[in-house]
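The values are calculated or read from the model by the stated rules, or taken from the named source; none is laboratory data. Source: prediction; values computed, not measured. Glycine gets a Cβ as well: all are built from the backbone with ideal geometry, and neighbour counts include every protein chain shown.
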Amino acid sequence: MSENSKELHQFNAQVSKVLQLMIHSLYTNKDIFLRELISNASDACDKLRHLAITRPELAKDQPEFAITIVADKKNNRLTITDSGIGMDRDELIANLGTIAKSGTQEFLTQLSGDSKKDMPLIGQFGVGFYSSFMVADKVTVISAKAGDDKGWQWESEGTGEFTIEPAQDARRGTSITLHLKDDAKEYLDSFRLRHIVQAYSDHISFPISVIDDEGNAELANSASALWMRQKSEITQEQYKEFYHHVAHSPDEPWLTLHNKAKGKLEYTSLLFIPSLKPFDLFHPDRKRRVKLYVKRVFITDENVDLVPAYMRFLRGIVDSQDLPLNISRETLQHNPLLGKIRDSLVGRVLSELKKKAEADAAGYGAFWKNFGAVLKEGLCEAAAPREQILEACRFTSSATLEEHFTSLDAYVGRMKPGQEEIYYLTGERLEALRASPQLEGFAKRGIEVLLLTDHVDDFWVNVATDYKGKKFKSVTRADIKLDDVTGENKEEATPESKTEDADISALCARIKTILGDKVKDVRATDKLTTSAVCLAVEEGAMDIRLERFLLEQKQLQSATAKILEINPAHSIIRAITGKEEIDDVVWLLFDQARILEGEEITDPAAFTRRLQSFVEKSLAA
Ligand code: ADP
């Protein structure tokens, strides 16, 4: 294709879908298109200001970083111009022709087509540039990349395709002209425009001017970095708008944390925790969303671990006084100051979470549901402040109702006299855990058990072994003697109980012979009440669910044999004690224990044959 001709490109499928949504505008509030375009313009200025520290020639042609909004009533056009970094031909095609955000695909497949249902979803996603098609039936972008001598023009009517061609006389930066729809003429009123800028973009640290038909320019924002202002001078509304800008997310911040650290380490941080769960929280190529500034100059938001992965729900900025301005992204990662800032931020966030949890348990529950599984990842990290994280953790337990959580301190406060350990059970679904036979004996004795359903739970319980001296212990461990915990059953053994014990020992040995190497051992337990059997593992052995997970991931070759625990008081166990023909019953009991634990049964055909024969017998009786 020749250098000067107009090229026609197709939008990729994802963009087309998003454009459809925009054109049939699901947003009730169209004003936000301006916020999105200003936000992009500000990011572009930020990027160039950083580059110009080491390459000043890039910004020499126009040393001012500024954003202007020109309302042209005569031609029905609104133009937003910035003197930022600009885009070259390939970037125009890539940035305005595809959507690079991780999680876009998932987002789009979740849309139902019913605008009422989709609205909150779209609100969460944030569509940036494409929102201009809510108010325009044609959009022209002219951009020249800093340092390039050529500019390019991108144009589209928002239907399937866009064109790209060389632009004459383009200045550094980007200018976006919206050919307004008939019902969007209100956006040519300069008073209205200034009002929108003030409402949504006051925090932008570059000057934003609105220029009317007569050419009068008026500054529309305060043009100072919001985070440098005193807390008392910032309204909730302004914090919220800043959050929308840095987080690219239109929900309300659940938590706003604005701090100035003084002394050895000097930095300002303005961090937010979203109230909605971002789409890419568990996506492999998700980005960290805390931007680094040095003395108010944006440095980077990529490849920098300002917050640890287990706090990747944080959004916002950190502005350091101590780091050198000309620090390169490559050397940044190894700068020891960065690690100190990170530790300091982690401490602040955790102590704020603790405060929030104590002040408003229900509100904290909302945070926990969104991000608890992420925060718990920190429990697996050796360098993380484990006890502080555990203090911020909340759990569902056998003593809490569906929607309620308990803290570990509250759990410890409810421990039975003689109980030394914090009991837990892990599994996929809460309902299945609540119904698990493993809990029967605990429930009977009023001993509380934490019910853990996140994947990360299988891991951290092996690493974070105790909380304030109380060890975590899975209820599936074979060595738990509940009567010892509660001090029951301490009476002397009678001659009858001694023969009973001998019978049960003989039965255990029999069962072991029948099941062979399918079980590690067979033992009597006081953990069960209404169930006859359950599976257990030795202290120190791998938890049943973790083992299954590792097998699925092919990180383990084969499963280990489990311990079968039997309930000596159960009618079936009593009925088979001392009997001869018990093989079928034993196999059925064993398979039943496996099913309850979510394990596959050993031989489905044999299982069905046995079950069928028992059903037939009981029907004939
Ligand atoms: P987002 O801003 O969420 O990444 P957008 O669709 O708004 O998504 O923009 C896509 C990309 O286009 C941006 O990430 C940026 O690289 C580029 N871009 C948009 N507007 C500008 C601008 N005014 N100057 C330079 N680049 C821009």
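Looking at Leu323, Leu306, Leu270, just one residue is in contact (Cβ under 8 Å) with a residue 40 or more places away in the chain and either not β-branched (Val, Ile, Thr) or not assigned by TED's automatic domain parsing to the domain that holds Gln110 (or both), and that residue is Leu270. Among residues of region 21-48 being part of a helix (DSSP H, G or I) and modelled with pLDDT under 80, the one that is surrounded by the fewest Cβ atoms within 10 Å (Cβ to Cβ) is Ile23. Counting only helices (runs of 4 or more DSSP H) wholly contained in region 465-581, the ones carrying 3 or more residues that are among the hydrophobic types (A, V, I, L, M, F, W, C) occupy 495-515, 544-552, 571-576. Pick from Phe133, Phe129, Phe125, Phe107: which is outside the structural domain of Asp251 (by TED's automatic domain parsing), within 13 Å of the ligand (Cβ to nearest atom), modelled with pLDDT under 95 and under 19 Å from Asn75 (Cβ atoms)? Going through Phe133, Phe129, Phe125, Phe107 in turn, the sole match is Phe133.
Considering (1) exposed (fewer than 15 other Cβ atoms within 10 Å of the Cβ); (2) under 30 Å from Pro417 (Cβ atoms); (3) under 39 Å from the mean Cα position of the chain (by Cα), the lone condition that Thr530 does not fulfil carries the number (3).
Of all residue pairs spaced 6 or more apart or on separate chains, those with beta-carbon atoms under 9 Å, a first member in region 330-349 that is among the hydroxyl-bearing types (Ser, Thr, Tyr) and a second member that is modelled with pLDDT under 95 are Ser344/Ala261; Ser344/Leu265.
Table: residues versus (1) more than 13 Å from the ligand (Cβ to nearest atom); (2) of a type in the set (A, V, I, L, M, F, W, C).
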{"residue": "Val141", "(1), (2)": "no, yes"}
{"residue": "Ala144", "(1), (2)": "no, yes"}
{"residue": "Gly147", "(1), (2)": "yes, no"}
{"residue": "Glu157", "(1), (2)": "yes, no"}
{"residue": "Glu165", "(1), (2)": "yes, no"}
{"residue": "Lys181", "(1), (2)": "yes, no"}
{"residue": "Lys185", "(1), (2)": "yes, no"}
{"residue": "Tyr200", "(1), (2)": "yes, no"}
{"residue": "Val210", "(1), (2)": "yes, yes"}
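Going by the structure shown, is Val294 under 25 Å from the mean Cα position of the chain (by Cα) and in contact (Cβ under 8 Å) with a residue 12 or more places away in the chain? For Val294, the condition - under 25 Å from the mean Cα position of the chain (by Cα) and in contact (Cβ under 8 Å) with a residue 12 or more places away in the chain - is not met. Scanning region 133-156 for residues that are closer than 15 Å to Ala59 by Cα, assigned to a loop (DSSP other than H, G, I, E, B) and of a type in the set (A, V, I, L, M, F, W, C) turns up just one, Ala146.
Residue-wise test of (1) aromatic (Phe, Trp, Tyr); (2) within 33 Å of the chain's Cα centre (by Cα); (3) buried (at least 16 other Cβ atoms within 10 Å of the Cβ); (4) in the same structural domain as Val485 (by TED's automatic domain parsing).
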site: Ile514; (1), (2), (3), (4): no, no, yes, yes
site: Lys520; (1), (2), (3), (4): no, no, yes, yes
site: Thr525; (1), (2), (3), (4): no, no, yes, yes
site: Leu535; (1), (2), (3), (4): no, no, yes, yes
site: Ala541; (1), (2), (3), (4): no, yes, yes, yes
site: Arg548; (1), (2), (3), (4): no, yes, yes, yes
site: Gln555; (1), (2), (3), (4): no, yes, no, yes
site: Ala559; (1), (2), (3), (4): no, yes, no, yes
site: Ile563; (1), (2), (3), (4): no, no, yes, yes
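When residues in region 249-267 are screened for being among the small types (Gly, Ala, Ser) and either in contact (Cβ under 8 Å) with a residue 60 or more places away in the chain or in contact with an Asp or Glu (Cβ under 8 Å, 6 or more places away or on another chain) (or both), 2 of them pass. Considering the conditions (1) modelled with pLDDT of 95 or more; (2) outside any helix (DSSP H, G or I), Arg194 is excluded by exactly one of them, (2).
Restricting attention to region 430-448, does a residue exist that is modelled with pLDDT under 90, surrounded by 12 or more Cβ atoms within 10 Å (Cβ to Cβ), in a helix (DSSP H, G or I) and touching a Lys or Arg at 6+ places or on another chain (Cβ under 7 Å)? Taking every residue of region 430-448 in turn, none turns out to be modelled with pLDDT under 90, surrounded by 12 or more Cβ atoms within 10 Å (Cβ to Cβ), in a helix (DSSP H, G or I) and touching a Lys or Arg at 6+ places or on another chain (Cβ under 7 Å).
Quick one: is Ala435 outside the structural domain of His283 (by TED's automatic domain parsing) and free of Cβ contacts under 8 Å to residues at least 24 places away in the same chain? So Ala435 passes the test.
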